[in-house]
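For reference, the structure is listed below as C-alpha cells.
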C-alpha cells in the first residue's frame, strides 16, 4: 500500500512565481531520490499539495514543508493508504488553477458561494479529485505546467 498525504496552505505574499518554479524543480530531484510522487495545485492565494510514497518519507517531507515560511496556515486535510499511486509519473509537478477554472469547479459541485479558502481547507476532497482528473486527462505537455 502507498501512503498519501494532502495538505492545504496559504501562499506567502513574498513568494514569487519564479521562486515557486525553482522550488518545484528542486523537489522533482529530491522526491525522485526518495521515490515520492505528487502534485501541487496553486490558486492566487492557496496551495493544495498531494505527496505519496513511503509513509515515513512522506511524513518527514510534510514536517519540513510545514515549517517553511514561504507559506502559512499549513494544514493536513487528508491522509491514508491507496493501492496505487495517483501521480505515479510525476516526482512532483505543479500547475495553476485559474480563477475561471476554480469558479467552474465550485459551480460543478454546487458550492459557488463558498469562499476559496473554505474549498481548499474544508472541501479539499473536491480539489483533490480535480487534481486526479487533471493527471489522468493531461497529455503530459509540460507547457501546461510551470
Can you give me the P(r) profile for the stretch 2-144? Cα pairs, bins 5 angstrom wide beginning at 0, each as a whole percent. 2, 9, 20, 25, 22, 15, 6, 1, 0
At a Förster radius of 25 Å, what calculated FRET efficiency corresponds to the Cβ-Cβ distance of residue 125 and residue 72, to the nearest 0.05? 0.70
Per residue of the chain, what 222 nm ellipticity follows from adding -39500 (n - 2.57) for every DSSP H run with n ≥ 4, rounded to the nearest 500? -13000 deg cm²/dmol
Measuring from the longest principal axis of the C-alpha atoms of the chain, the long axis of helix 17-34 (C-alpha) lies at a number of degrees, nearest 10, equal to 40
For the pair residue 15 and residue 109, the simple spin-label estimate (label points 7 Å beyond Cα toward Cβ) gives in nm 2.0
DSSP beta bridges in the stretch 2-144, what fraction antiparallel, as a percent rounded to 5? 85
How tilted is helix 99-108 with respect to the longest principal axis of the chain? Cα atoms for both, answer in degrees (0 to 90, nearest 10). 80
Compute the helix-to-body angle for 55-66: its Cα long axis versus the longest principal axis of the chain, expressed 0 to 90° and rounded to tens. 60
So what is the relative contact order for the stretch 36-82, in percent, with contacts set as C-alpha pairs under 8 Å and at least six apart? 25
Between the stretch 7-69 and the stretch 109-129, how many Å separate their Cα centres? 20
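Since every read-out is calculated from the coordinates, none of them should be taken as a lab result. Fair warning: this is a prediction, and the values are worked out from it, not measured in the lab. For neighbour counting, all protein chains shown are included, and Cβ atoms are generated from backbone atoms with ideal geometry for every residue, glycine included.
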